[in-house]
Amino acid sequence: MKTVLITGASRGIGAQTARLFAANGYAVAINYCCSCEAAQALVEEIVAAGGDAFVVQADVADAQQTADMVQQVLHRCGHIDVLIHNAGVASQKLLTDTTPDEWRKMMATHLDGAYHSCHAIVPDMVRRHEGVILTVSSMWGITGASCEVAYSAAKAGLIGFSKALAKELGPAGIRVNCVAPGVIDTDMCRNLDDETRAALREETPLMRLGTADDVAQALLFLASEKASFITGQVLGVNGGFLI
Ligand code: NAD
């Protein structure tokens, strides 16, 4: 049975990705940082549907916690076939209103988190000469968003990280790809008012906001053998918002 470790999987895109991978035969390690109850409820839902899932707690900004989490998954499953670094935080404010702590948290979650999880997992993948690493960036990491300088910088960093790692790990049989979602209707966007949501819908050629499942399906494809010659790519999942 293939194993996937999904960071930040207690809700939103991560949770839907967990459901989809479980429905497609993966054993799913559901990482959460603080939302133990939600993560546990998701495991129960997946197991009730006949899937295999379990929770692993770690703040991915913390190197030791992330390394311990990876060891826990390796101990239970023997190997990790797919890592999806999905954990993220968002904040909308002017750069000049962004405190050093807020800046650090943004970089720590998105970028340090990618480094910590890959640093812990890659040796085992290299030993087995196989594996897939997927990162969840954002279209703002490509274009930049006003009042989201820290978020855009972190997500742009994640794109560079993924492309460089794809080059480094290609000879070891490991593929690394990135998805760059547009506006996806999850808790991360719940603070947008109706007017802003309507404007974003109108700006999107497909005339709707994305769903967590839209992103999960792209991740499932990139993890699959169907994508066996695809590495170092950034797949937009944005309804045509950014072409
Ligand atoms: P969300 O807020 O519902 O989910 C983010 C998850 O990451 C939460 O479960 C949160 O607890 C977890 N998390 C945050 N910090 C963590 C840490 N240090 N360690 C472990 N887990 C941590 O939002 P979402 O929309 O599901 O976002 C998932 C990913 O998709 C994020 O990386 C986000 O930046 C990205 N994204 C979202 C959108 C969107 O419009 N929703 C668009 C582009 C990219």
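Below, the figures for the structure above:
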| item | result |
| --- | --- |
| Positive minus negative residues near Arg208 (Lys, Arg vs Asp, Glu; Cβ under 13 Å) | -3 |
| Gap separating the Cα centres of region 75-145 and region 204-243, nearest whole Å | 17 |
| Unsatisfied cross-links (Cα-Cα over 24 Å) in the set Lys163/Lys226; Lys105/Lys226; Lys93/Lys167; Lys105/Lys155 | Lys105/Lys226; Lys93/Lys167 |
| Ranked packing of 102-114, 218-230, most packed first, by mean Cβ within 10 Å | 102-114, 218-230 |
| Antiparallel bridge percentage (DSSP; both residues within the chain; nearest 5) | 0 |
| Computed [θ] at 222 nm, deg cm²/dmol, the chain (DSSP H ≥ 4; -39,500 (n - 2.57); rounded to nearest 500) | -14500 deg cm²/dmol |
| Estimated dipole of region 19-149 in Debye, rounded to 20 [Cβ of Lys and Arg +1, of Asp and Glu -1, Cα centre] | 260 |
| Segment Val126-Glu37, length gained on full extension (0.36 nm per residue, minus Cα span) | 28.6 nm |
| Dipole in debye (nearest 20) - region 139-243, about Cα centre, beta carbon charges: Lys, Arg +1; Asp, Glu -1 | 500 |
| Net lengthening on full extension, Glu102/Phe229 (0.36 nm per residue, minus Cα-Cα) | 41.9 nm |
| Highest-fluctuation residue, Met125, Met207, Met69 considered, GNM on the chain with Cα pairs under 10 Å | Met207 |
| GNM top mover of Asn86, Asn24, Asn191 - the chain, alpha-carbon springs below 10 Å | Asn191 |
| Relative contact order %, the chain, counting alpha carbon pairs below 8 Å whose residues are six or more apart | 19 |
| GNM top mover of His119, His75, His85 - the chain, alpha-carbon springs below 10 Å | His75 |
| Sequence ranges 154-161, 130-137, ranked by mean other-Cβ count within 10 angstrom, highest first | 130-137, 154-161 |
| About the Cα centre, charge dipole magnitude for the chain (Lys/Arg +1, Asp/Glu -1 at Cβ), debye | 680 |
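Any read-out appearing in this document is the output of simple, stated calculations on the displayed coordinates, not a laboratory observation. These figures come from a predicted structure and were not determined experimentally. Glycine also receives a Cβ, built like all others from the backbone with ideal geometry; neighbour counts cover every protein chain displayed.
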